[in-house]
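Enquirer: Quick one: the structure is below, questions incoming.
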């Protein structure tokens, strides 16, 4: 372990986890309001109810992963920490975009500028999230094989 490492180095993970947990809580209330057929919320989320539910669950999952990596107390490079937090948001927000813009959720891929931006965002999100959590998992795994002096 890096002798200069402190848990404050991983504070970004804790902050990101707390933020995405708050987003998940807001989405839980949105789901309740959608079930009550409130017009204002239906205007925001005209797409499928299940996409809002998927976003809610994904934000919960990503928050739990970030809390877990923070709790592991393994030093992670800045690029990994940033990729994890950004990827956790972008990955979950894809479901929100589909709930807010139903054309993005059609069986036939939408055409046009915004559909292209969505696909670019999707690919960037997958790459960022995979790098952050993949490399983070590898680093944590490798840390379990190091012997700790008594």
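Enquirer: Expressed as an acute angle from 0 to 90° and rounded to the nearest 10, what is the orientation of the C-alpha long axis of helix 49-72 relative to the principal long axis of the chain?
Expert: With both axes taken from Cα atoms, the answer is about 10 degrees.
Enquirer: Same structure, new question: Pairs of alpha-carbon atoms within less than 8 angstrom and 6+ residues apart define the contacts here; what relative contact order does the chain have, in percent? The partial results should precede the final answer.
Expert: Values: 165 pairs, mean separation 43.8, N = 150.
Value for the chain: 29 percent.
Enquirer: Quick one: angle between helix 78-100 and the longest Cα principal axis of the chain, in degrees between 0 and 90, rounded to 10, please.
Expert: Long axis of 78-100 versus the principal axis of the chain: about 10 degrees.
Enquirer: Another question, if that's okay. Using only the alpha-carbon atoms, how far is helix 113-143 inclined from the longest principal axis of the chain? Give it as 0 to 90 degrees, nearest 10.
Expert: Helix 113-143 sits roughly 20 degrees off the main axis of the chain.
Enquirer: For 84, 62, 123, what's the fewest-to-most ordering of other Cβ within 10 Å of each Cβ?
Expert: Values: 84 29, 62 26, 123 10.
By the 10 Å Cβ count, ascending, the order reads 123, 62, 84.
Enquirer: Which value in deg cm²/dmol, rounded to the nearest 500, describes the helix-derived mean residue ellipticity at 222 nm for the chain, given -39,500 (n - 2.57) per DSSP H run of n ≥ 4 and division by the residue count?
Expert: After summing the helix terms and dividing by the residues of the chain, the value is -25500 deg cm²/dmol.
Enquirer: Turning to a different aspect of this structure: Which part of region 21-42 falls in the paramagnetic zone of residue 101, meaning amide N under 19 Å from the point 7 Å along Cα-to-beta-carbon?
Expert: Taking a point 7 Å out along Cα→Cβ of residue 101, the residues of region 21-42 whose backbone N falls under 19 Å are 42.
Enquirer: Could you check which residue among 41, 117, 128 shows the biggest mean-square fluctuation in a GNM of the chain with a 10 Å Cα cutoff?
Expert: Result for the chain, Cα springs under 10 Å: 117 fluctuates most.
Enquirer: Next question. Computed from the coordinates I sent, percent of Cα pairs over 28 Å apart equals one of (1) 61; (2) 31; (3) 28. Tell me the label.
Expert: (2)
None of the figures in this text is laboratory data; all of them are computed from the coordinates on show. These numbers were taken from a predicted model, which means no experiment stands behind them. A quick note on method: Cβ atoms are made from the backbone with ideal geometry, for glycine too, and the neighbour counts reach across all protein chains shown.
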